[in-house]
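What follows is one structure encoded as structure tokens, with my remarks underneath.
None of the figures in this text is laboratory data; all of them are computed from the coordinates on show. Keep in mind that this is a model prediction, so the values were computed, not measured. A quick note on method: Cβ atoms are made from the backbone with ideal geometry, for glycine too, and the neighbour counts reach across all protein chains shown.
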Amino acid sequence: MNPQDVDLAVTGYRVALREGVWRTHPAFGVLLLLLAERVRSIRVHAPQMPETLAAECDFALDDPRIRVFPWPVRVNSIGALRHPLRLLRQYRALVASGDVVFLRGGGPMIWSCHWMARRVGKPVIHWLISNPLAALPAAQRGYGRLVEFAGRVYTRVDAAMLRLGLRISRAEVIANGREVAALYRCPRAKVIVSSTIRASDFHDRADTCTGPGVRLLFVGYVRPEKGIEHLLRAIPLVRAAAPVDLAVVGSWEEFPAEKDRLTLLAGSLGIESRVTWLGHQAFGPALFSEMDASDVLVLPSLSEGTPRVLVEARARSLPVVATRVGGVPDSVVDSVDGLLVPPRDPVALAQGIQRLIEDGELRRRLIREGRRRVQGWTVDAFVEDIVGLIRGMPANLPPSR
């Protein structure tokens, strides 16, 4: 199949309409703009976010080859499941709109796209982002025990249905890490480390932790599964000659109660004045300036796919300490290009941070090796992988009978 003759039907992230322009998250938007240069057109089908929750949708989809077909406003998957027939109609329109269907991540009843695509003979590429079974219980997100039980049942059934759907559609699978590929039983999946970084975004810095203080950086959504609580508990345990502060970059609009809880925790630990909540910072100069002003990136997550921020930080010559969960070990090799510690362990996290602060030779080696290792994980390389999959697809698949 010639990619330049392909209309690509895509879903996978939310969109927001601002100042007459459709926008999405940079991690999705950069990929779409680069793909638009390689295919005939892109039709994006995605839920529209309410303006109050759309801070991270700051990347303009202003290429005329990209058309957006918004779905009704919803905050989360629970909202979509209240209208299953409408959701199925949206998926049917998605499948009908393109020559190739490109699905990013999970989503309520996303498995139905595979069944629909097989029925009409449309090839599918599915980029699997993370392990939904590893997410925190819903009760810890504030939804209550009943929703937690229903969520567990639904998640397991949905994962089983998606495994079946992948077989039915004969989809080409891209997986963020080996754990995700194993969960969906896709031994032929292309295992990747996801990234939004481009070659021009790399920044060469020889060392960090050389100033009068140490600035730790966390980048990600302020959600329970990000493990920020354990990072806050680790900070008083770091025994460093220089004062240690923390900057938190990330949106908390979906979970304001979590941010309030963490603020209270910082106060009870006596470190409230050492923690700065910066909110969402746009990918690009705003985010890069925070990385360049920091000494160590810390990712204390309880569950993950292959976090983009670990690639972005190393590309900016920022050493990383992360927890050994999900696809993180596919991205970071312990003591080679970063440090890995167990999750939910503030003591181990503090020891990893302190080790980086005190051992300059180790720190400089991790910076050099980290920057070198992520050079092959640019978004441009990922686009080439996707285009290669399209090129290898047959022009027509036989529809199911």
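Give me Cys57, Cys186 sorted ascending by neighbouring Cβ count inside 10 Å, so fewest comes first. Walk me through the numbers before you get to the answer.
Numbers: Cys57 26, Cys186 21.
Going from least to most buried by this count: Cys186, Cys57.
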Extreme residue, positive dipole direction of the chain, given options Ala199, Ala134, His83 (C-beta unit charges): His83
Cα centroids of region 1-19 and region 189-267: how far apart, whole angstrom? 32
Quick one: which of 267-274, 222-229 comes out on top by average Cβ neighbours within 10 Å, and what's the full order, highest first? 222-229, 267-274
With everything on Cα atoms, drop me the angle between helix 111-120 and the longest principal axis of the chain, reported from 0 to 90° to the nearest 10. 30
To the nearest 10 degrees, the tilt of helix 346-358 (Cα long axis) against the first principal axis of the alpha carbons of the chain is 70
Taking the Cα centre as origin and putting +1 on Lys and Arg beta-carbons and -1 on Asp and Glu beta-carbons, what dipole magnitude results for the chain, to the nearest 20 debye? 1660
Would you pull out the residues with amide H under 5 Å of Arg18's amide H, same chain only if 5 or more places away, H placed 1.01 Å from N? Arg23
Less than 21 Å apart at the alpha-carbon level, and either on another chain or at least 8 residues along: which lysines does that give for Lys226? Lys259
Starting from the Cα-Cα distance between Asp334 and Asp359, subtract it from 0.36 nm times their residue separation and give me the gain in nm to one decimal. 7.5 nm
Given H placed on each backbone N at 1.01 Å, which residues far from Trp127 in sequence or on other chains put an amide H within less than 5 Å of it? Leu103, Arg104, Gly105, Ile174
Provide the gained length on full extension for the span Trp277 to Arg178, in nm with one decimal, where the gain is 0.36 nm per separating residue minus the Cα-Cα distance. 32.3 nm
For the chain, build the charge dipole from Cβ charges (+1 Lys, Arg; -1 Asp, Glu) around the Cα centre, then report which of Leu61, Leu349, Pro123 sits farthest towards its positive end. Pro123
From the backbone phi of region 260-267, what are the Karplus-calculated ³J(HN,Hα) couplings (6.51 cos²θ - 1.76 cosθ + 1.60, θ = phi - 60°) in whole Hz, Gly and Pro given as x? 4, 4, 5, 5, 5, 5, 4, x
Value at 222 nm in deg cm²/dmol, rounded to 500, when DSSP H runs of n ≥ 4 in the chain each add -39,500 (n - 2.57): -11000 deg cm²/dmol
HN-Hα J couplings of region 170-185 from phi, Karplus 6.51/-1.76/1.60, θ = phi - 60°, integer Hz, Gly and Pro as x? 6, 5, 7, 10, 10, 10, 7, x, 6, 4, 5, 4, 5, 4, 8, 6
Helix axis angle, 26-36 relative to the chain longest principal axis, alpha carbon, degrees: 40
Considering only DSSP beta bridges where both residues belong to the chain, give the percentage that are antiparallel (nearest 5). 10
How big is the gap, in Å, between the Cα center of region 27-53 and the Cα center of region 332-401? 24
By a straight-distance test (C-alpha under 19 Å), which aspartates and glutamates pair with Lys190 as possible cross-link partners, with residues fewer than eight away in the same chain excluded? Glu172, Glu179, Glu304, Asp330, Asp380, Glu384, Asp385
Provide the per-residue ³J(HN,Hα) series for region 13-21, in order, calculated from phi with Karplus coefficients 6.51, -1.76, 1.60 and θ = phi - 60°, each as a whole number of Hz, with x at glycine and proline positions. 8, 7, 10, 9, 9, 9, 6, x, 10
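Assign unit charges at the C-beta atoms only (+1 for Lys and Arg, -1 for Asp and Glu), then state the dipole size of region 304-396 relative to its Cα centre in Debye, rounded to the nearest 20. Can you show the working numbers first?
Working: 14 positive and 13 negative charges, 44 e Å.
Charge dipole, region 304-396, about its Cα centre: 200 debye, nearest 20.
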Sort the following peptides by mean Cβ neighbour count (other Cβ atoms within 10 Å, averaged over residues), highest first: 5-11, 258-264, 203-209. 5-11, 258-264, 203-209
Region 157-276, relative contact order [Cα under 8 Å, separation at least 6], %: 20
Highest mean first, how do 236-245, 324-333 rank when packing is the count of other Cβ atoms within 10 Å averaged over residues? 324-333, 236-245
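Please find the FRET efficiency linking Ala257 to Arg170, where r is the Cβ-Cβ separation and R0 is fixed at 60 Å, and quote it to the nearest 0.05.
Details: r = 44 Å, r/R0 = 0.73.
Efficiency computed from Cβ-Cβ geometry: 0.85.
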